Amino acid sequence: MRSNRHNKGQATTIRLSLIVGFIIASAAIIPWMPAVCGVAPAGERGMVPQLQKSAYFGMSEREVWACALKGDYAEVVSIYLEGERPGEPDVDWDRRRHSRRDACIDSLVSIFDDGAQRALLEMLEARRPGNEIVEALACSESEEIISGLFEVYERRKEDLSLTVGVARSGCLRTDPRAVDTLCRGKPLSFHARKFLINVPSSATVLHSKAQKRLCEYMMRHKKSEYRGHWLRDVECAEIQDFVRQMLNEPDPEIFKEAIPLLFKLPEDEALRYISHFAQSEDRYIRKDVAYAVARLATERAIPIIKQLLRDPDYAVRSSIAEGMVKSFPGVEEIALKLSKDPASYWVREYAAYALVRMGSVHAKEALLALLLIPDDKENRVASFVVDFVKKHPGIFKDRDELRPVVSLLSRSENPFARARAAELVRMYSLKGFESVLERLLEDEHPTPRREAYKALCKANPDRLREIILHQQSPIRLSNRTECR
């Protein structure tokens, strides 16, 4: 007993000694820390030389565009490659720096002459995140630029931003180099998988190679990331056996991933499974069944679809619309009914997309109704619909139909909706919206400003040049020179 107390007393003494020693050491070291770190004490700030700020500290996105419009691409590249600001973190400065870098990319992509393309390639080679640059360069008609793009990729295979850029580039869908590059990836990234799914079937050899690689990857990985989602659009000889194998798995997570793939099975077998699972109490199973039965695209599926239309869960109804990829007897009438669903914007949205895929004459009417929802104050639904319209630009052949949409979105409370207004003006080359774009150039949020610069550069580059060069501060250039 006495020995235990003695040991505890010794331990306490040792702890106190350590604490006192730490306090004494800290008192001795702390006064020297500012000098070691290059920061002077409060009263001696002038005595320790401060590190130099970036040469472009305080520069605005407007001035970046001024450099690009004057053809000073070397200066734009220098701004893009500027260093970090030394010293204390400054959130406002960091936000301005990102806006400048976005402006560097946007201005060069909007101009996109030979000099601008070479400048973009130089920026990409400098080991900076560059997926947006890759997407832009992929649209170049210069084989020299495209070859340079893949040379950079070969040197920097570990750079995810380059993989993302190549994978998101619609212009490279039929380029064998892109398919080979992304097929080699281990594991396949999200964007690589999306690219391989969307290789067009018209490019027969590449399409077959991409589909086979994706199918092999998904079947090889147990509990792969959402296999049921990725295998929906994959065609390979082994897919039916693979779905049956998943249905027999004891692991419920793998079993559930097979349900949205039931349409891959022969019609009779698929309908047996679908009829059974449509009665499930699990809303997620009913949701996946709804997608599968719509994708089955057969008249025999109509009674089950009508049964699921009465489901109280709006996600089940939206899955039916999402699965309407092909037109078959009776389905257009259902899609039209869903496009007027009173309970959910999202059901109406998916139904409108289904009508577009079917080539329905009612598609445009359904999309316009979503774009002009009066009680959606933040225009969130409209923002998503504009993203869809960007991928299907042929929907609105009469451009005047979009004028009320642009007017509505440009005054939205949601900054991303305001940005979509500028995107529509740029996509459809709408005339008469220069004043709207000029107002968005002064928007408090960077995203509408960014899209407005691009739209005005396309619509009226002379007007943008006049606005920028006349309003540019004459002091800025001398400030940058002094900083250097």
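Some points to look at:
- The calculated pair-distance distribution of the stretch 108-240 uses every alpha carbon pair, bins of 5 angstrom beginning at 0, and gives 2, 11, 22, 20, 18, 12, 8, 5, 2, 1, 0 percent.
- Computed over neighbours whose Cβ is under 15 Å from that of LEU206, the net charge equals +3, Lys and Arg +1, Asp and Glu -1.
- With K and R counted +1 and D and E -1, the other residues having a Cβ less than 11 Å from that of ILE146 yield a net charge of -4.
- In summary, the convex hull built on the alpha carbon positions of the stretch 335-390 has an orientation-averaged projected area of 3.4 nm².
- Sequence ranges 410-421, 272-283, 361-372, ranked by mean other-Cβ count within 10 angstrom, highest first: 410-421, 361-372, 272-283
Laboratory data are not the source of any read-out in this text; all were calculated from the coordinates shown. Given the structure is predicted, the values throughout are model-derived calculations rather than measurements. Backbone-built Cβ (ideal geometry, glycine too); neighbour counts: all protein chains shown.
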